[in-house]
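Participant: Handing you this structure, nothing more for now.
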DNA sequence: CCATAAAATCGACCGTGGTCAATTTGTTTT
DNA sequence: AAAACAAATTGACCACGGTCGATTTTATGG
């Protein structure tokens, strides 16, 4: 094998991401140049671009990692006996908090992952699925308890709730929902989705 | 008044947008420089930036105009007696077609309007509301016919369906839904939202 | 241990998005 | 009509994102 190289690559990649977090956090995304970033990471400018295709991709990389981590962390630790609404609220609001506390990072991450320039490889699709699958146990549990219909595909259920989560984020970015009202809004939307928009059949 | 100036401003703005449509369509967004664009529009580079803050904003401007037009056009001409599902499908799919036929424009427009850098002024919020309000008559009609609950706020209903529309677009941009399957997917989601995700109460 | 190939690194370089002080054009005042 | 003012226009200029060929570092084979 090529153990030295492999290790170097991993270290450098981490060094770049660490430098990015540090500088982007301190001075902002736009205000930090790649040269500055490279210097902080102790590599040349060109090297940065051999690890990441674009400046945005750097943000994307560590946001994805961090969100993936907290999400699976939460999904695993959420009380599986509480109601679907509660469980989803915990997870989506944690994610909401993460994103909104770093407005710039969050924006770039969302822009790139929701409406990407190109769906790069199969790796990206894999990522998306994995993203959804973390929540599957929660939905399955809700189906078992009779909170959700069992005749629906998990993918469609997951998509539906994820869409509502996106909506909240979009409203926040557009200044239509202040931070503290987000949980209430999310709750309303979840209930709407669960209960249905048509009048109850008596 | 200042009639000459006013008129000049309107003309120049239009000239810039026309040049943008022409060049962006022919050569692509990234491949067209502002200098080129300015030359085509018959103005100086700096002038472009006195009409638009950024390059993206030019795309945003004509996308918004075009989408607004087709949307209100459709909303007005849709058969108000057909089912909610049909009416929404016509409108959302027209919008979907517009966006997906111009992948680049659509992407930039969506990125900027769904997750904007800053919610600029009140004008922007006004725009958003107007955007929703075009669909209000359709939702009110559905409420009257008993297809939608009347105890829900129109804003929440509109948001809910708009979220699903966004989801379809995101899936398309991520290569998860090919163009021809979009209507079917949208239909499924609309029905899910209307019927509700919980099991029917017997 | 040296020779050779392959991979990784680098920073000078390029094109472009965006800025700004100087200039032109249009409007108002005397 | 001329002077004084304000708004609009301009292109030289700057900083930065991204590229690429030259250079260094690591792995392999004899």
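Participant: Give me the pairs: first residue in the stretch A:37-51 and on the phi > 0 side of the Ramachandran plot, second residue more than 12 Å from DNA strand D (Cβ to nearest atom) and part of a helix (DSSP H, G or I), beta-carbon distance under 8 Å, and six or more apart or on different chains, which are they?
Facilitator: A:42/A:15
Participant: For residue A:131, which of the numbered conditions (1) within 9 Å of chain B (Cβ to nearest Cβ); (2) farther than 13 Å from residue B:160 by Cα fails to hold?
Facilitator: So the condition that residue A:131 fails would be (1).
Participant: Residue B:1 passes all but one of (1) at pLDDT below 95; (2) part of a helix (DSSP H, G or I); (3) within 7 Å of DNA strand C (Cβ to nearest atom); which number fails?
Facilitator: The number of the failed condition is (2).
Participant: I'd like to know if the stretch A:129-146 contains one or more residues that are surrounded by fewer than 19 Cβ atoms within 10 Å (Cβ to Cβ) and at positive phi.
Facilitator: Within the stretch A:129-146 (the criterion being surrounded by fewer than 19 Cβ atoms within 10 Å (Cβ to Cβ) and at positive phi), the answer is yes, since at least one residue qualifies.
Participant: Which of (1) under 29 Å from residue B:128 (Cβ atoms); (2) in contact (Cβ under 8 Å) with a residue 12 or more places away in the chain; (3) within 9 Å of DNA strand D (Cβ to nearest atom) is the odd one out, the single condition residue B:59 does not satisfy?
Facilitator: Status for residue B:59: all satisfied but (3).
Participant: Evaluate the following for residue B:148: is it at the interface with another protein chain (Cβ under 7 Å from one of its Cβ atoms) and part of a helix (DSSP H, G or I)?
Facilitator: On the way: at the interface with another protein chain (Cβ under 7 Å from one of its Cβ atoms): yes; part of a helix (DSSP H, G or I): no.
Judged against the criteria, residue B:148 is not a match.
Participant: If you take the residues in the stretch B:120-144 that are touching a helix residue (DSSP H, G or I) at 6+ places or on another chain (Cβ under 8 Å) and part of a loop (DSSP other than H, G, I, E, B), which one is nearest to residue B:87 (Cα to Cα)?
Facilitator: So, considering only residues that are touching a helix residue (DSSP H, G or I) at 6+ places or on another chain (Cβ under 8 Å) and part of a loop (DSSP other than H, G, I, E, B), the one nearest to residue B:87 (Cα to Cα) is B:135.
Participant: Being more than 30 Å from residue B:178 (Cβ to Cβ) and facing chain B (nearest Cβ under 7 Å) is the requirement here; does residue A:196 meet it?
Facilitator: no
Participant: For the stretch A:15-39, which residues satisfy the criterion of being surrounded by fewer than 18 Cβ atoms within 10 Å (Cβ to Cβ) and more than 12 Å from DNA strand C (Cβ to nearest atom)?
Facilitator: Scanning the stretch A:15-39 gives A:18, A:21, A:22, A:25, A:26, A:27, A:28, A:31, A:36.
Participant: Among A:94, A:76, A:61, A:65, which is the only one that is within 13 Å of the chain's Cα centre (by Cα) and surrounded by fewer than 13 Cβ atoms within 10 Å (Cβ to Cβ)? Working first, answer last.
Facilitator: Values: A:94 fails: surrounded by fewer than 13 Cβ atoms within 10 Å (Cβ to Cβ); A:76 fails: within 13 Å of the chain's Cα centre (by Cα); A:61 fails: surrounded by fewer than 13 Cβ atoms within 10 Å (Cβ to Cβ).
The unique qualifying residue is A:65.
Participant: With the condition kept exactly as written, say whether any residue in the stretch B:172-187 is within 10 Å of chain A (Cβ to nearest Cβ), crowded, with 16+ Cβ neighbours inside 10 Å and under 18 Å from the mean Cα position of the chain (by Cα).
Facilitator: Yes, the stretch B:172-187 contains at least one residue that is within 10 Å of chain A (Cβ to nearest Cβ), crowded, with 16+ Cβ neighbours inside 10 Å and under 18 Å from the mean Cα position of the chain (by Cα).
The values are calculated or read from the model by the stated rules, or taken from the named source; none is laboratory data. The shown structure was predicted, so the numbers you read here are calculated from the model rather than taken from an experiment. Neighbour counts run over all protein chains shown; Cβ positions are idealised from the backbone, glycine included.
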